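Contents: one structure, followed by commentary.
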Amino acid sequence: MCQMYGLTSITVIFSAAGAPLAPGRPTVIAVDGQGVLLEWTNPVADVYSSPPQGYQVEYRVYGSRDWMVANELLVQDTMFTVENLRPNGVYEFRVRGKNQDGLGHPSLSSGGVAIRPAAPQRSIPARRMSDSVNPAGQPQMVEAGDDWVKLEWAPSADNAGYVVEYREVGDPTWHTANYDPIVQNGIQVEGLRRNSTYEFCVISVVDGVSSHPSDTSDIIHLRPMGRASTLRVVPEMTEAPEFLEIDGDKITICWLPAHSALPVMGYDVEFRDLQQDDRWYKVNDQPVFACKMTVGDLIVDHDYQFRVLAHNASGCSAPSPPSQFVHIEAKSNRLSAIESPSMDVAKYVEAERFGAVPLLQEEMVRESPPLPERDDSPPPLRRANNNVQWRDPSLKEVIEYLSSTDKDKQLNASGYLQHLTYSDNLIKEETREYGGIPKLIALLRSDTPRIQKNACACLKNLSYGKENDANKMAVMEADGVRLLSEVLRTTHDASVKEEATAALWNLSSADMLKPVILDSATEILTQQVIAPIFHAPLPKQNGAGPTGPNGSANGADPSRHFASKLFKNSTGVLRNVSAASQQARRRLRDIPNLIEGLVHFLTHAIQKNQVDSPTVENAVCLLRNLSYRIQEVIDPNYDPALAHLNSKNVKHAASPKPKKKEKEKKKNPKNIETGAAVLWQPNVVKLYLKLLQDSSNIETLEASAGAIQNLAACQFPPSAEVRAAVRVEKGLPVLVELIRLPEDFVVCAVATALRNLSIDPRNRELIGKYALRDLLEKLPEPGSARRAAISDQTIGAVLGILFEIVRSSAAYTKDVHELKGTDKLRALSRSYPTYSHRVCKYASQVLYVMWQHKELHDGFKRSGLKEADFYSGTARRGDSSTLARPISSQGRERPSMHNLDETLSSGGGYGTMMTTTPDGRSNRPPSATSQTIPRRYDQVPREPVYAAVHKQSPRGGVDDSWV
């Protein structure tokens, strides 16, 4: 029995006497992109109840309260497929038997089941695929129905044909919409599944040769219900217009909005004056967007009628019924409405005497609507049962109500403004121009939590998106950041805190606001949201009771707090702020229990198998940023350039085995590391490796690899211990497997991490033994066109690994040569300007160190190579140590440009600034092949990546030979 109260529901389960007992716990047999196959056992025999006639399968989002029924008809078998589940969602399932006495007891829950899509698959094309054929532009939706989509895209070449592919979100297989190429750059794909979501791509075909697929379209939601034909009809006829105001020879009319399947694009108003003729004349030159209009310069003592026509993309509606006649009198007289259209003969005689006026539209006075182009839906005039008339306020009036002393007006105005500012950038701009932002910030001081919540939500909407940076600056200038932080400090309302942190998350994406948020909000967020969970217990394992990080055996399960929007928003704010500057990193490292709390959260998420959430992504990115230049913790004056010069001639040795005293420290809980030292502990490295194995979130993958990259980049002892810990925890094969992913920015982070790990001799030996083939696959083939999917940064990182391997071993140098690596390096060293000068130089340096192994000269010469072939390109003799430099990186979350000198590593930075917003979106720059900045680092913007990485999980076992 379910009883509803507002937006919440309370479920109480009853089972009738004689109903079946509970079936066995359902088990998951198979999982695809959007469904699961369940199997269960029949309930045990019971003399007091008859066997079930069928089963009802129920499911719910993991962690929620209410169960939903998955099947309309009873399931007769003990197996059922639950479909239409959200990809990457986590669900739990249960089963109930039913007989003539009713529903029985539910089975035990299946536990959390992750709906992970399989890896994207595309059938082998019949045509040859080549990089020489340019792909088409990203397909864009023009129009959509309930089972069809019309697409257009930018053409790739004049003589190109196009093949369109599509798939449902969560389906790993791409399907072909047209097998024969079409010459038009547009298509209508029909026969799609109703009420579903699809994505599309386009393949160009020139002379029988295919291009790579274009960028995938945005996800397209098909309209549920209705037929396609019903979406192309004109609007319905509106009701007869009414009179709102009479002022002498001017009259204001209004009408209710027309019903339309497509958006209404405007209204036309027509009038007629029977004293002149019975024809209808158009009043307005341009469509009217508001549901009212003022018509002026009407003739006194004449009677007028009005009617309205609505327009949409399909055409014009039928005219509305005409209004009542209205008699125009002088201002001193009163209005009289005539119920009947009948007129006496004298009025027609007057028309004959003065002559007919064919058109008055050029004499009309028109009033601009209060909300241009956005006033179609709410009518400006409504009449209640008691004949009281009222209308929706204009935006300017709403903003004025924010300053009212009446709290009800403040509450209603702030709530209405929150609705108006959602996803409407023009409204957001006008709100700032009308002075709405300072008034909203003033409402943060209100003692009414609902008003505070509405004000925070408005500020969240106003500051969303890069295009609203002016609003973010206005919030800062009005002291909004400090007051939002003060709201977090003083309020006890969870919904207010949630909206306030969401607003701060949006604001933190602007570089100018990050220092202000760092000073005002970071300690509050840590003390109230992150730090308290450090002492919360971890989930049960192996039957043991829950224990906290300090051995505490009491406390509540923090799962609900971890899954809250408040926690997600707070980690998002700290993630963005951590990318601001060197000072920001140091400040955050010094906040008590921040790092410990994040590590505790990641441990909990991994144990619960909830590794794909945006909160995990935020936490790992934050830890990655705090690990950047980690040697600063021990040496505040640490400079990578100077450290590299000091260690240039030092031979890196393998990490020593732990001493006896160190083992005793690990056994003694009093010596547990705290603060920034937690970042390089082996248990934290193990968390990153577990995420690299289990996560399907590409942002989390990049951040985890970037954290290992940073921790292994420095010259102090903890970095050496990290390099050894990755090997001991069997992390090298995990990283090598990720080299094969198609997402370049993930591959770049992984390759750079392997480069830093290869400083350890044992790591270098294992990478040379098992990973050479995968590394050489990332280098371009001689004579081939540039592969746009692989950036210069990725190639540079791979060359750095090869440099370390080749310099240390003649045997691995021989392997590189036998795998055709020499030919690739020679072609790459001469490939400027296709590849950057830096990449060509690195390739030349690898060739140079290959020739230094004199015992291989005979083999090189038998391959037709001579000494001059190893000195080609841009490298100089003797300049062979550049690539030995480890690199530390903040990934794509780069600091602002005015802080680059003090923040970027001397070894080179990878990527550009990427900040996040509460809905998960990332602000990324457009793609580019390569770009050289006149500094000691390279910065290459990347194209936004929205697709998820789909990997085989769980992976196969790791060979012990890697250790």
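The values are calculated or read from the model by the stated rules, or taken from the named source; none is laboratory data. For clarity, every value in this text was computed on a predicted model and none was experimentally measured. Note that each Cβ is placed from the backbone with ideal geometry, even for glycine, and that neighbours are counted across all protein chains shown. Side chains included, ligands, DNA and RNA excluded: accessible areas come from the protein's heavy atoms. Shrake-Rupley method; radii C 1.70, N 1.55, O 1.52, S 1.80 Å.
For the stretch 399-466 versus the stretch 567-606, the inter-centroid distance based on Cα atoms is 30 Å. Normalised per residue, the accessible area of the stretch 397-530 is 41 Å², obtained with a 1.4 Å probe and no contribution from ligands, DNA or RNA. Remark: spin-label model distance ASP46-HIS492 equals 4.5 nm, labels positioned 7 Å along the Cα→Cβ axis. 3J(HN,Hα) along the stretch 732-740: 4, x, 5, 5, 5, 5, 5, 4, 7 Hz, from the Karplus curve 6.51 cos²θ - 1.76 cosθ + 1.60 with θ = phi - 60°, whole Hz, x for Gly and Pro. Note on the stretch 440-525: the alpha carbon radius of gyration divided by the globular reference 2.2 N^0.38 Å gives 0.96. Using θ = phi - 60° in the Karplus curve 6.51 cos²θ - 1.76 cosθ + 1.60, the 3J(HN,Hα) couplings for the stretch 69-80 round to 7, 8, 10, 7, 9, 4, 7, 8, 9, 9, 8, 7 Hz; x is entered for Gly and Pro. To the nearest 10, the accessible area of LYS824 is 10 Å² with a 1.4 Å probe. Computed extension length for ALA811-HIS221: 206.8 nm, one decimal, from 0.36 nm per residue of separation with the Cα-Cα distance subtracted. First check a/c for the stretch 708-864, with a ≥ b ≥ c the square roots of the eigenvalues of its C-alpha gyration tensor; if it is under 1.5, answer rounded, and if not, answer prolate when a/b is larger than b/c or oblate otherwise. Here the stretch 708-864 falls in the oblate category.
Treat each spin label as a single point 7 Å out from the Cα along the C-beta direction, and report the TYR770 to ASP469 distance in nm. Taking the simple label geometry, TYR770 and ASP469 are separated by 4.6 nm.
In loop segments of the stretch 432-483 as defined by DSSP, the trypsin sites (Lys or Arg not before Pro) with at most 13 further C-beta atoms inside 10 Å of their C-beta are ARG445.
Computed with every protein chain present, the accessible area of LEU735 is close to 0 Å² [probe 1.4 Å]. On the beta carbon distance between GLN140 and ASP424, with R0 = 22 Å, the FRET formula returns roughly 0.55.
The GLU329 and VAL233 beta-carbon pair, evaluated with R₀ = 41 Å, returns a calculated FRET efficiency of approximately 0.45. Take the Cβ atoms of LEU108 and GLU83, set R0 to 22 Å, and the FRET efficiency comes out at 0.45. Considering only ALA474, TRP505, LEU420, and ranking their Cα positions along the charge dipole of the stretch 385-522 that arises from unit charges at the beta-carbon of Lys, Arg, Asp and Glu, the one farthest toward the positive end is TRP505. Restricting the stretch 260-307 to trypsin sites (Lys or Arg not before Pro) that sit in a DSSP loop and have at most 12 other Cβ atoms within 10 Å of their own Cβ leaves ARG279.
Each of SER559 and ASN284 was given a label point 7 Å from its Cα along the Cα-to-Cβ line. The distance between the two points is 5.6 nm. Annotation for the stretch 32-96: chymotrypsin sites (Phe, Trp or Tyr not before Pro) lying in DSSP loop with at most 14 further Cβ atoms inside 10 Å of their Cβ are TYR48.
For the stretch 134-149, 3J(HN,Hα) computed residue by residue from phi via the Karplus equation (6.51, -1.76, 1.60; θ = phi - 60°) reads 6, x, 6, x, 4, x, 10, 6, 9, 7, 9, x, 7, 9, 8, 9 Hz, glycine and proline entered as x.
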